[in-house]
1. Just give me the residues in the stretch 100-130 being among the hydrophobic types (A, V, I, L, M, F, W, C) and closer than 21 Å to Thr49 by Cβ, in sequence order.
2. Looking at (1) over 22 Å from Ala123 (Cα atoms); (2) modelled with pLDDT under 85, which one does Gln74 not meet, given that it meets all the others?
3. Which one of these is under 27 Å from Pro140 (Cβ atoms) and modelled with pLDDT of 65 or more: Ala48, Ala105?
4. Hey, among the residues in the stretch 70-91 that are β-branched (Val, Ile, Thr) and touching a strand residue (DSSP E or B) at 6+ places or on another chain (Cβ under 8 Å), which one's nearest to Gly51 (Cα to Cα)?
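The values are calculated or read from the model by the stated rules, or taken from the named source; none is laboratory data. Everything numeric here is computed off the predicted structure, so don't read it as measured data. With ideal geometry, Cβ positions are generated from the backbone for all residues, glycine too; neighbour counts draw on all protein chains shown.
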Amino acid sequence: MSYPTLGSQLKRICRFALLISVAVLFLVDVSMADNLPPRAYEKRTYAATQGNLNKLHGLFRQHSGRYFVKHGIQVIATLVPTKESAAGNTVIWIFAHANEESAHAAWSSFNQDPKWLKLLAEASPNEALIERVESEFFRPADYSPMQ
């Protein structure tokens, strides 16, 4: 008859403790989510000026994330259209905000950030990089998993 070694018993205990910890954290996270007010989701569609989509992608890829965080803007997704008519100049972002008012304040702050404005100017010094930005707000339906 063989007996488990102390090392194998400790490994089982550690695995069990880790499993319990994850379960507790999940339950706490779920219960805390139930107490949070609903968030506002924003879809922002950026249209790059003719021939500048790659520059816009570069600017977003290298710099925008930290500036969004700095101004309290949470990124949910960054998307590009599959339809060719829009794919040549469009980047779509999905953001989450506490509410629409905080979103407007965050964007105002972001759009006045001197470091961001400098990066934007350096990315395309001789012409505008962005033709237009369209913004639309959403809230999750009462049956949405995004509640």
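1. Trp107, Phe110, Trp116, Leu117, Leu119, Leu120, Ala121, Ala123, Ala128, Leu129, Ile130
2. Unmet for Gln74, out of (1) over 22 Å from Ala123 (Cα atoms); (2) modelled with pLDDT under 85: (2).
3. Unique residue meeting the criteria: Ala105.
4. Thr90
A quick yes/no check of all residues on (1) part of a loop (DSSP other than H, G, I, E, B); (2) free of Cβ contacts under 8 Å to residues at least 60 places away in the same chain; (3) over 16 Å from the mean Cα position of the chain (by Cα):
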residue: Gly58; (1), (2), (3): no, no, yes
residue: Arg61; (1), (2), (3): no, yes, no
residue: Gly65; (1), (2), (3): no, yes, no
residue: Ala86; (1), (2), (3): no, yes, yes
residue: Ile92; (1), (2), (3): no, yes, no
residue: Phe95; (1), (2), (3): no, yes, no
residue: Ala106; (1), (2), (3): no, yes, no
